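First up is the structure itself, then whatever we jot down about it.
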Amino acid sequence: MCTQGLDQPRTLAAEDVSARAEHFEARVAAEDKIEPPDWMPDAYRALLIRQIAQHAHSEIVGMLPEGNWLSRAPSLRRKGILLAKVQDEAGHGLYLYSAAETLGVTRDELVDQLLAGTAKYSSIFNYPTLTWADVGAVGWLVDGAAIMNQVPLCRCSYGPYARAMVRICREESFHQRQGFELLTVLAQGTPAQHAMAQDALDRWWWPAVMMFGPPDSESTHNDRSLRWKVKRFTNDELRQKFVDLTVPQAQFLALTVPDPDLAYDGEHWRFGKPDWSEFKRVVKGDGPCNRERLVARRTAHEDGAWVREAAVAHAAKRVLV
Amino acid sequence: MGDHEVEALLRVADSCLVLAQRLTGWCGHAPALEEDIALANVALDVLGQARGLLTRAGELEAAGRDEDALAYLRDAPDFRNLLLVEQPNGDFAHTMLRQFLFDAWAVELWPELASSTDPVIAGIAGKAAKEAAYHLRHSAGWVERLGDGTDESHRRMLASLEDLWPYAGEAFLDDDVDRAAAEAGLAPLPSSLLAGWRARVEAVLTESTLPVPPDPWWQRGGRQGRHTEQLTRLLAEMQVVHRAYPGARW
Ligand SMILES: [Fe+2]
Ligand SMILES: [Fe+2]
């Protein structure tokens, strides 16, 4: 009696799950948006948490390389633009952590994973910003590549993520244009400024091309991600779109893309093979700034602990009064 | 326009600029993401105030200097900011107390400047008055939270009060430049803002369970170009790229 009582709901639950899974797949196939209270497969939930958290962490870590030039922006107008941009990225991090929280994790858990070094963020931010031109190159190329990745995410099957992306993409395209405009001024400026812009392109081009992740032949998450309409295009498709869009912009700037194999075939700009060993090395933790970036985040978190504690203590006192 | 009027404008403009420069140091390093955003907001506002006033000062000076020439090509002795704002960020308690002492001055100053005889300054000040009121709510909120938070936060607030209080009173000391600007109806007399500032600061410190320190010898000189050791280093960093490429456009 007793065991039956326990067994029965379990059996029912299993049937229920398969029916729900079918219903879920049908909804996704029909381009319905999945919302937080809806049933979803555990693997879908896990995939989304992983991806949204990774995305949120990238926004936050991404504040560091550009923040590096806030104090030295060479005009007050540029200082304001850069500050507003870095602030936008913090806002993106906030929306994305909130989107992840609708899936049943907390921001604190996700931040702890970042600080412990167990969560990933976009590897591009493990490269240093060495000159003022890097601020332009990051806006143009890194925000540009991010847009390429993120515009399709506005149609992602998970509602809260899709809606966060609509808002984020609008700001990212603004960042991309501002970065390009900054580089335009440098490219058309003095010879030293032009050289600074070229040097930035030389250093940021390949990391930006690799931002779309490993080639489709090696990518592990693409299949399920595409079926569940989290992703809409493969890494290689997005990479090609990015190169096709960006090469003419480099030509407009009279800057040389550092790829001897780059050639137009009448339809696409065909490009050389990125150094995937470098990509893997940087992802694994041996990029030029991996340690620095994490140390900066950890320091901010640890130095801020007493402030957060005080805020909690103060709020508790006010409730008591 | 006399030199003393340009000078009076630079005293406010430079204070906003130097504070903005300090505040950008928190961006990406604040105790919580919400504070990264809030401090960037304050920095953007005071930077905007600085740009408006520097541009106006350049126009009134009529020597062909724009906001960037004034920000990037003057040396420390030519800066007219309050000593308070050039003090280092320190910990979050220092930054928030510095901000609070500044904001409590700014909310007195801007409404007065909004009725300046110079319509451009009045326009800038009208907008700045609203911004400053918002900044004050934010910084006073933190002074209260930290003052009346944990033992550690209280101790840190006391330390910041000890470090920063001697710089708090400079904003209210009149000199000939101020008197000339006030006579021209361009800006209020600094000492006329003291009573309002003091009432507000005392109320917030008391609410925060912090002592109101007695008036010390107010450290002074920033508004006349005599600064603390902090300013040259701040300017060296702020100006380095601009000065490395003379004549370049950005
Ligand atoms: Fe972003
Ligand atoms: Fe961005």
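The values are calculated or read from the model by the stated rules, or taken from the named source; none is laboratory data. As the structure is a computational prediction, the values presented were derived from the model and not from experiment. Here the Cβ positions follow ideal geometry from the backbone for every residue, glycine too, while neighbour counts run over all protein chains shown. When the accessible area is computed, the model is the full protein with side chains, heavy atoms only, and any ligands, DNA or RNA have been set aside. Shrake-Rupley method; radii C 1.70, N 1.55, O 1.52, S 1.80 Å.
Computed with a 1.4 Å probe over protein heavy atoms only, the accessible area of B:T117 comes to about 90 Å².
Mean partner shielding of peptide A:310-319, defined as the number of other chain Cβ atoms within 10 Å of each residue Cβ, is 6. Neighbours of B:D75 by Cβ distance under 13 Å: Lys/Arg scored +1, Asp/Glu scored -1, total +3. Quick check: net charge around A:F252, other residues with Cβ under 15 Å of its Cβ, Lys/Arg +1 and Asp/Glu -1? Here the count lands on -1. For chain B, the longest principal axis of the Cα atoms and the long axis of helix B:3-24 meet at an angle of about 50 degrees. Helix content alone sets the calculated 222 nm mean residue ellipticity of chain B: runs of n ≥ 4 DSSP H residues at -39500 (n - 2.57) each, divided across all residues, give -21500 deg cm²/dmol. Expressed as a whole percent, the accessible area of the protein assembly as shown that falls on carbon and sulfur atoms is 55 (1.4 Å probe). All C-alpha to C-alpha distances of the protein assembly as shown, sorted into 20 Å bins beginning at zero, yield P(r) values of 19, 45, 28, 7, 1 percent in whole numbers. Legend: mean number of C-beta atoms from other chains within 10 angstrom of residue C-beta atoms, peptide B:79-90, equals 0.
If one computes the Cα centroid of the range A:47-107 and of the range B:96-114, what distance in Å separates the two points? Centre-to-centre (Cα) distance: 30 Å. Think of it as helices only: each DSSP H run of n ≥ 4 in chain A is worth -39500 (n - 2.57), and spread over all residues that comes to -21500 deg cm²/dmol at 222 nm. Please state the shape class of chain A: rounded when a/c is under 1.5, otherwise prolate if a/b exceeds b/c and oblate if not, all from the C-alpha gyration tensor. It is oblate, given that a/c is not under 1.5 and a/b is not larger than b/c.
Looking at chain A, the accessible area is 45 square angstrom per residue; that uses a 1.4 Å probe and ignores ligands, DNA and RNA.
Counting 0.36 nm for each residue step from A:K284 to A:A195 and taking away their Cα separation leaves a gain of 28.9 nm. Note on B:D75 and B:W218: the extension gain reaches 49.1 nm, defined as 0.36 nm multiplied by sequence separation minus the Cα-Cα distance. Here the calculated FRET efficiency for B:R233 and B:A195, from their Cβ-Cβ distance with R0 = 25 Å, stands at 0.10, rounded to the nearest 0.05.
From the square roots a ≥ b ≥ c of the eigenvalues of the alpha-carbon gyration tensor of the range B:3-45, which class results: rounded (a/c under 1.5), prolate (a/b over b/c), or oblate? It comes out prolate by the Cα gyration axes. Dimensions of the range B:3-244 from C-alpha coordinates, computed as largest minus smallest value along each principal axis and given longest first, are 54, 41, 31 Å. Protein-only accessible surface at a 1.4 angstrom probe places the residues A:L201, A:L115, A:L226 in the order A:L226, A:L115, A:L201, largest first. Remark: the range B:90-175 carries 34 Å² of accessible area per residue (probe radius 1.4 Å; ligands, DNA and RNA excluded). Among the residues of the range A:189-218, those with an accessible-area drop of 50 Å² or more from chain alone to full protein complex, heavy atoms and 1.4 Å probe, are A:Q193. Just how far, in whole angstrom, is the range A:251-321 from the range B:202-250 if you go by their alpha carbon centroids? One Cα centre to the other: 32 Å. In chain B, the longest principal axis of the Cα atoms and the axis of helix B:33-61 are about 30 degrees apart. Note on chain A: with charges restricted to the Cβ of Lys and Arg (+1) and Asp and Glu (-1), its dipole about the Cα centre is near 800 debye. In the range A:69-171, Rg over Rh equals 1.00, where Rg is the alpha-carbon radius of gyration and Rh the Kirkwood radius from pairwise Cα distances. Of A:S75, B:S191, the residue with the largest accessible area leads and the full order is B:S191, A:S75 (1.4 Å probe). Buried accessible surface for the A/B chain pair comes to about 4000 Å², total over both chains, computed with a 1.4 Å probe. Summing +1 for each Lys or Arg and -1 for each Asp or Glu among the other residues whose beta-carbon sits under 12 angstrom from that of A:D202 gives -2. Shielding by partners for peptide A:87-95, expressed as the average number of C-beta atoms from other protein chains within 10 Å of each residue's C-beta, is 4. Past the 23 Å Cα-Cα mark, which pairs from A:K85/A:K280; A:K79/B:K127; A:K33/A:K231; A:K241/A:K273? Result: A:K85/A:K280 exceed 23 Å. Take B:S115: with every protein chain present and a 1.4 Å probe, its accessible area is about 90 Å².
Let me have the relative contact order for chain B, percent, based on Cα pairs under 8 Å that are six or more residues apart. In percent, rounded to a whole number, it is 25.
Roughly how far apart, in whole Å, are the Cα centres of the range B:44-72 and the range B:154-182? Between the Cα centres of the range B:44-72 and the range B:154-182 lies a distance of 24 Å. With the whole protein complex present, A:K120 retains an accessible surface near 120 Å², based on a 1.4 Å probe.
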